[in-house]
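Q: My structure is below; once you've seen it, I'll send some questions.
The values are calculated or read from the model by the stated rules, or taken from the named source; none is laboratory data. Given the structure is predicted, the values throughout are model-derived calculations rather than measurements. Positions of Cβ are generated from backbone atoms using ideal geometry, with glycine treated the same way; all protein chains shown enter the neighbour counts.
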Amino acid sequence: MMMLLMDKIALALANALALPEAEIRPLLEYPPDEELGDVAFPCFTLARTMKQSPANIAAQLEPLLADASWSVQAAGPYLNFKWNRELAAAQLIADWHSGSLMRAAIGNGERVIIDMSSPNIAKPFGIGHLRSTMIGNALYHILRKVGYETVSVNHLGDWGTQFGKMITAYLKWGDEQQLASDPIKGYLELYVRFHEEAEQHPELEDEARSWFAKLEAGDAEAVRCWSQFIADSLKEFNKLYARLGVSFDHFLGESFYNDKMDAVVQQLQEQNLLEESDGAQVVRLDEHELPPCLIRKSDGTSIYATRDLATAIYRHEEMKGSELLYVVGSEQSLHFRQLFLVLGKMGFAWAAACKHIPFGLMKLDGQKMSTRRGKVVFLEEVLDEAVQRALQKIEEKNPALAGKAEVAEAVGIGAVVFGDLKNTRMLAVDFVLEDVLNFEGETGPYVQYAYARTQRILAKAADGDVAAAPQPADYVYVTGDYAWLLMKMLLRYTAALGDAAKRHEPSILARYLIQLAQAFNRFYHHDKVLAGEEAERIVKLKLVQAAADVLKEGLELLGLKTPKEI
């Protein structure tokens, strides 16, 4: 395998300093000003061990690092490297051809179980559910790409006292004809009506509690209603998952763990971790300055912390997960801190490998969404409108395009998904349809269009030019500034992948793809790829092919489709 260019600098520095390459590689950075160089090495961390100023260290290292692949210059505490563009271009194309340009090995096959999406049964799949679904989906693919075995679990919200309310509302006011035509909206109306009626008739809450008790006891009528809610919901959810291109290795709802919770409580009792608090049973976390973790309420019922303990134990012991990720909103941060600490107190060393992957709330006009009052932006409606707008744009720009409906589906949904993923996940997103569906600037369609442009160039090129290999002297044709900026962005792909994987942050990859698309578009506008002599066309086409492959793979890792024409 060809050695990546950044690794060459790291190796040269490691040899000059007699330090492990693994210590040097993470210190390399990209200068903020392109004029300074292509790669920089700050000498600050060496000052303490070498007992010299960073500037002196840089000056001493400069003559030791001469190489045909780059020029190097000490600038204060930094060493700035500028690549030999011809050699770098040859190396990049060789790395692309061998596959190492797009290879980022971080994991060693460790199994990572990702809890993601997890909508509530009999409630709408709102735009707010998009975040857990698509952040989780992107992490699933990114982590798999860098060497982990990923397993996705949809932890459906199919249990809880709300089902007593749903059964009560369904039996009192359910309209079978309406529910058959649009079950989720029908169930939402029933849920909202229950809360409105209960304000005037509090006895409805008692009736709901009674129905949930029957469900827990296995009452046939209660189970029939509950099973119908699940079947109807999954049918609708799966339609949306198909449109989003998301699939799951397992659908394991909360009810799956009903028979696994008593064993957890028993273990906590045997380990003397449970304490009484106002009639309830809790695990104290005073040493961590956190409130106690409630395990059983005063009426003897277990709560979701108990269920999540059972879930984590099952995922580690039965599903063999070496790392457990929970892609759940940041409002659950305290719950997960408590959960992981209790697992640790139970003696599970693997609790350290449990990670909450939080994200900010998605709001509608500044308000947190609520199903109690029915104020929900239905994801299906958002996707439909996005696709319709994409179709209008395609009709304007390319009316003769074949398969317009399919392309509009890919572009419209891509706009919504990318519009979410490009945001740092911890930021709250105030959902405004016009912003998400802006097809200009830093958007999914912009990146998709850059990929389609690469395909148009390659389709126009002569077959012989596309297939031919450049000669060593030909790389001079891609040493101009625009080609060089594109090459530098391509060289950063594996670093973006690695950072996105290590930080569990898909926005790093999304932002990288925007920059790559911008670099490609500048190259496309300034360097006429299909003009010039045969040798020039051949080497420029290799650069286009490399850009196409990275754009395509990056978009697909984020869950976007890549139409060849838009």
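Q: Looking only at helices (runs of 4 or more DSSP H) that fall completely inside segment 128-204, which ones have 2 or more residues that are modelled with pLDDT of 95 or more? Quick ask: steps written out before the conclusion?
A: Working: elements: 129-145, 162-173, 176-181, 183-200.
Once the helices (runs of 4 or more DSSP H) in segment 128-204 are filtered for at least 2 residues that are modelled with pLDDT of 95 or more, what remains is 129-145, 162-173, 183-200.
Q: Six or more apart or on different chains, Cβ atoms under 8 Å: show the pairs whose first residue is in segment 376-400 and under 22 Å from E189 (Cα atoms) and whose second is of a type in the set (F, W, Y) and assigned to a loop (DSSP other than H, G, I, E, B).
A: F378/F125; L379/F125; E380/F125
Q: Next up: Looking only at segment 36-56, decide whether some residue is aromatic (F, W, Y) and either under 23 Å from V476 (Cβ atoms) or in the same structural domain as K540 (by TED's automatic domain parsing) (or both).
A: Among the residues of segment 36-56, not one is aromatic (F, W, Y) and either under 23 Å from V476 (Cβ atoms) or in the same structural domain as K540 (by TED's automatic domain parsing) (or both), which makes the answer no.
Q: Could I ask something else about it? Out of the residues in segment 520-539 that are in a helix (DSSP H, G or I) and basic (K, R), which is surrounded by the most Cβ atoms within 10 Å (Cβ to Cβ)? Show your work before the answer.
A: Going residue by residue through segment 520-539, those that are in a helix (DSSP H, G or I) are 520-526, 534-539.
From what's left, basic (K, R): 522, 537.
Working: R522: 15, R537: 23.
Once the filter is applied, the top-ranked residue is R537.
Q: Now, a different point. Please go through segment 110-127 and pick out each residue that is assigned to a loop (DSSP other than H, G, I, E, B) and either touching a Gly at 6+ places or on another chain (Cβ under 7 Å) or buried (at least 22 other Cβ atoms within 10 Å of the Cβ) (or both). Lay out the reasoning, then the answer.
A: Quick first cut of segment 110-127, residues assigned to a loop (DSSP other than H, G, I, E, B) only: 110, 116-119, 121-125, 127.
Scanning segment 110-127 gives M116, S117, S118, P119, I121, A122, P124, F125, I127.
Q: Going through L273, L244, L252, L285 one at a time, which residue ends up being surrounded by fewer than 17 Cβ atoms within 10 Å (Cβ to Cβ), over 22 Å from D175 (Cα atoms), of a type in the set (A, V, I, L, M) and at pLDDT 95 or above? Before the answer, list the steps.
A: Values: L273 fails: surrounded by fewer than 17 Cβ atoms within 10 Å (Cβ to Cβ); L244 fails: surrounded by fewer than 17 Cβ atoms within 10 Å (Cβ to Cβ); L252 fails: surrounded by fewer than 17 Cβ atoms within 10 Å (Cβ to Cβ).
Among L273, L244, L252, L285, only L285 is surrounded by fewer than 17 Cβ atoms within 10 Å (Cβ to Cβ), over 22 Å from D175 (Cα atoms), of a type in the set (A, V, I, L, M) and at pLDDT 95 or above.
Let's see how each residue does on (1) in contact with a Gly (Cβ under 6 Å, 6 or more places away or on another chain); (2) within 26 Å of L252 (Cα to Cα):
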{"position": "L273", "(1), (2)": "no, no"}
{"position": "L290", "(1), (2)": "no, no"}
{"position": "K297", "(1), (2)": "no, yes"}
{"position": "I303", "(1), (2)": "no, yes"}
{"position": "V327", "(1), (2)": "yes, yes"}
{"position": "E331", "(1), (2)": "no, yes"}
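Q: Another question, then. Given R307, R315, which one is in contact with a Gly (Cβ under 6 Å, 6 or more places away or on another chain), of a type outside the set (A, V, I, L, M) and either at positive phi or not assigned by TED's automatic domain parsing to the domain that holds H504 (or both)? Before you say what the answer is, go through the steps one by one.
A: Working: R307 fails: in contact with a Gly (Cβ under 6 Å, 6 or more places away or on another chain).
Answer to the selection: R315.
Q: Quick one: what pairs do we get from segment 319-345, first residue free of Cβ contacts under 8 Å to residues at least 12 places away in the same chain and more than 18 Å from I114 (Cβ to Cβ), second crowded, with 16+ Cβ neighbours inside 10 Å and of a type outside the set (D, E), C-beta under 8 Å, 6+ apart or different chains?
A: G344/A351
Q: When you scan segment 300-348, how many residues do you find that are farther than 27 Å from V429 by Cα and assigned to a loop (DSSP other than H, G, I, E, B)?
A: 11
Q: If D308 passes every condition in (1) among the charged types (D, E, K, R); (2) at pLDDT below 95; (3) within 29 Å of M166 (Cα to Cα) but one, which one does it miss?
A: Result: D308 fails condition (2) only.
Q: Within segment 67-106, can you find the residues that are small (G, A, S) and either modelled with pLDDT under 95 or part of a helix (DSSP H, G or I) (or both)?
A: Of all residues in segment 67-106, those small (G, A, S) come to 68-69, 71, 74-76, 88-90, 94, 98-100, 104-105.
A68, S69, A88, A89, A90, A94, S98, G99, S100, A104, A105, listed by residue number.
Q: Counting only residues that are in contact with a strand residue (DSSP E or B) (Cβ under 8 Å, 6 or more places away or on another chain) and free of Cβ contacts under 8 Å to residues at least 60 places away in the same chain, which one in segment 80-104 is surrounded by the most Cβ atoms within 10 Å (Cβ to Cβ)?
A: Ranking the candidates gives N80 first.
Q: Give L188, L171, L156 a once-over and let me know the one that is of a type in the set (A, V, I, L, M, F, W, C), over 32 Å from the mean Cα position of the chain (by Cα) and farther than 21 Å from I508 by Cα. If you could, list the steps in order and put the result at the bottom.
A: Values: L188 fails: over 32 Å from the mean Cα position of the chain (by Cα); L156 fails: over 32 Å from the mean Cα position of the chain (by Cα).
The match here is L171.
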